[in-house]
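Below: the structure, in structure tokens.
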């Protein structure tokens, strides 16, 4: 198993939510009399906070990045500070979405959702195709074993199975809701 495989799997669920959030925004902007994005924004924001930020980013920031910044791992360059800055930017867009939701401003909500989506798609691409392969090449087998052990401990502490089940079910529910409206 790759040391980053678990994180890349999590990226797939994050990308699925991003695509769904973009569909909700597009539908809402096209049908302002049915502002479904405003109705369901709390679900997307909850996912971002609990899964993307608390669950996924915590493992990256608290575990993986700590290993990657060890001497000799990232020998060409160190993109970790850029990744951390992008995590912070994503949190800013999320705060803006929360504010827009409270103010019932569909256009501001949709705009920040679009900015969040664009940032995260680019961010995930960079991690999956640049940072993670660099880490896989630079990490020793011993470091990978230790890293995987810490992931397992984090998954247990954060109740990974419940989180996955909760957000896969919510995703299916959100997809169905939008499909019913679009028909």
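If I ask for residues that are surrounded by fewer than 16 Cβ atoms within 10 Å (Cβ to Cβ) and farther than 14 Å from residue 106 by Cα, which ones from the range 17-44 would you list?
Scanning the range 17-44 gives a single hit, 19.
Since residue 49 meets every condition but one in (1) more than 17 Å from residue 177 (Cα to Cα); (2) modelled with pLDDT of 95 or more; (3) buried (at least 19 other Cβ atoms within 10 Å of the Cβ), which condition does it not meet?
It fails just one condition, (3).
Pick out the one residue from 8, 21 that is within 25 Å of residue 142 (Cβ to Cβ), at pLDDT 95 or above and in contact with a helix residue (DSSP H, G or I) (Cβ under 9 Å, 6 or more places away or on another chain).
Working: 21 fails: within 25 Å of residue 142 (Cβ to Cβ).
One residue alone meets the criteria, 8.
For the range 52-78, name all the residues that are buried (at least 18 other Cβ atoms within 10 Å of the Cβ) and in contact (Cβ under 8 Å) with a residue 40 or more places away in the chain.
To start, the set of residues in the range 52-78 that are buried (at least 18 other Cβ atoms within 10 Å of the Cβ) comprises 52, 55-57, 59-60, 63-65, 67-68, 74.
Across the range 52-78, the qualifying residues are 52, 55, 56, 59, 60, 63, 64, 67, 68, 74.
If you go through the range 64-81 one residue at a time, do you hit one that is over 17 Å from residue 134 (Cα atoms) and modelled with pLDDT of 95 or more? Give the steps one after another, and end with the answer.
Taking the range 64-81 first, the residues over 17 Å from residue 134 (Cα atoms) are none.
So far as the range 64-81 goes, no, none of its residues is over 17 Å from residue 134 (Cα atoms) and modelled with pLDDT of 95 or more.
Name the helices (runs of 4 or more DSSP H) wholly inside the range 124-183 in which the number of residues that are under 19 Å from the mean Cα position of the chain (by Cα) and surrounded by 16 or more Cβ atoms within 10 Å (Cβ to Cβ) is 2 or more. Lay out the reasoning, then the answer.
On the way: elements: 132-138, 141-157, 160-182.
The qualifying helices (runs of 4 or more DSSP H) are 141-157, 160-182.
For the range 79-97, which positions are crowded, with 17+ Cβ neighbours inside 10 Å and either within 20 Å of residue 164 (Cβ to Cβ) or under 13 Å from the mean Cα position of the chain (by Cα) (or both)?
If the condition is that a residue be crowded, with 17+ Cβ neighbours inside 10 Å and either within 20 Å of residue 164 (Cβ to Cβ) or under 13 Å from the mean Cα position of the chain (by Cα) (or both), then 83, 86, 87, 90, 93, 94 are the ones that fit.
Looking at the range 150-166, I want the residues that are closer than 13 Å to residue 56 by Cα and have a partner that is surrounded by fewer than 16 Cβ atoms within 10 Å (Cβ to Cβ) with Cβ atoms under 8 Å, at least 6 apart or on another chain. Which pairs are those?
Sorted first by the residue in the range 150-166, then by its partner, the pairs are 154/58; 154/62; 158/54; 158/58; 163/50.
The values are calculated or read from the model by the stated rules, or taken from the named source; none is laboratory data. This one's a predicted model, so the numbers in the text were calculated from it and none came from an experiment. Here the Cβ is made from the backbone with ideal geometry for all residues, glycine too, and neighbour counts use every protein chain on show.
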